[in-house]
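Novice: I have a structure here, written as structure tokens, and I will follow up with some questions on it.
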Amino acid sequence: MNSLNGKLLVATRELGDPHFAKSVVLMLQHEEQGAIGLVLNRRSGTQLGAIWDQVSDEPCPFDLPVMTGGPVEGPLVIVHADSDLTERQIIPGVHFAAHKELITQLLANGDLPMRIFAGYSGWGGGQLETELEEGSWAITDATSEIIFGDEETLWAQANKRIADDHLIRDLGVKHVPDKPWFN
């Protein structure tokens, strides 16, 4: 089994689960026993300040939108760019934190690239592999630009990247221009 840690799962049109329609999932852990990821492009409609009292007695140091990481309930977690306040590196320049102290320190530094998530996406052993075989997900490399980029256009950006990768690999194209139809 090839681990998908640090990869992006991009929902295809074949994916039947409405929880994941047009979603892009950052894979945090992928093992034979199962997989865990965070949906990068689903805002919950809640700002952190509205739920901060569940995390801390102190005032919320920096307010930002809370993303819905997936349909499974879980603690608040942050994906961020500070290598000093990390529990784990996901890819170079992108880190993960779930401990209250780390979250508080990261929010105090409010100007860092970061995303905060409530909930996560989870798959039991073999479940994700079955969905991949069914064509429900496409896979591409994660980058900090994609992870911290515009979540509203993320699905389209990830699909373009996958298409460009196919052109480069399958047709031997060395460079795909942003607007190839003008060539």
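The values are calculated or read from the model by the stated rules, or taken from the named source; none is laboratory data. Keep in mind it's a predicted model, so treat the numbers as computed, not measured. Positions of Cβ are generated from backbone atoms using ideal geometry, with glycine treated the same way; all protein chains shown enter the neighbour counts.
Novice: Looking only at region 65-103, count every residue that is surrounded by 17 or more Cβ atoms within 10 Å (Cβ to Cβ) and of a type in the set (S, T, N, Q) and tell me the total.
Specialist: Number of matching residues: 2.
Novice: Still on this model: Filtering region 106-131 down to residues that are in a helix (DSSP H, G or I) and loosely packed, with under 15 Cβ neighbours inside 10 Å, which residue is modelled with the lowest pLDDT?
Specialist: Result: 108.
Novice: Within region 132-166, how many residues are charged (D, E, K, R), under 12 Å from the mean Cα position of the chain (by Cα) and surrounded by 14 or more Cβ atoms within 10 Å (Cβ to Cβ)?
Specialist: Qualifying residue count for the region: 1.
Novice: Among what's in region 19-64 and is among the β-branched types (Val, Ile, Thr) and in contact with a Ser or Thr (Cβ under 6 Å, 6 or more places away or on another chain), pick the residue that is surrounded by the most Cβ atoms within 10 Å (Cβ to Cβ). Write out each step before concluding.
Specialist: Here is the first cut: in region 19-64, the residues among the β-branched types (Val, Ile, Thr) are 24-25, 36, 39, 46, 51, 55.
Remaining after also requiring in contact with a Ser or Thr (Cβ under 6 Å, 6 or more places away or on another chain): 25, 39.
Values: 25: 28, 39: 24.
Looking at the filtered set, the residue picked out is 25.
Novice: So residue 56 ticks every box in (1) touching a residue at least 24 places away in the same chain (Cβ under 8 Å); (2) in contact with a strand residue (DSSP E or B) (Cβ under 7 Å, 6 or more places away or on another chain) but one. Which box is left unticked?
Specialist: Residue 56 satisfies all of (1) touching a residue at least 24 places away in the same chain (Cβ under 8 Å); (2) in contact with a strand residue (DSSP E or B) (Cβ under 7 Å, 6 or more places away or on another chain) except (2).
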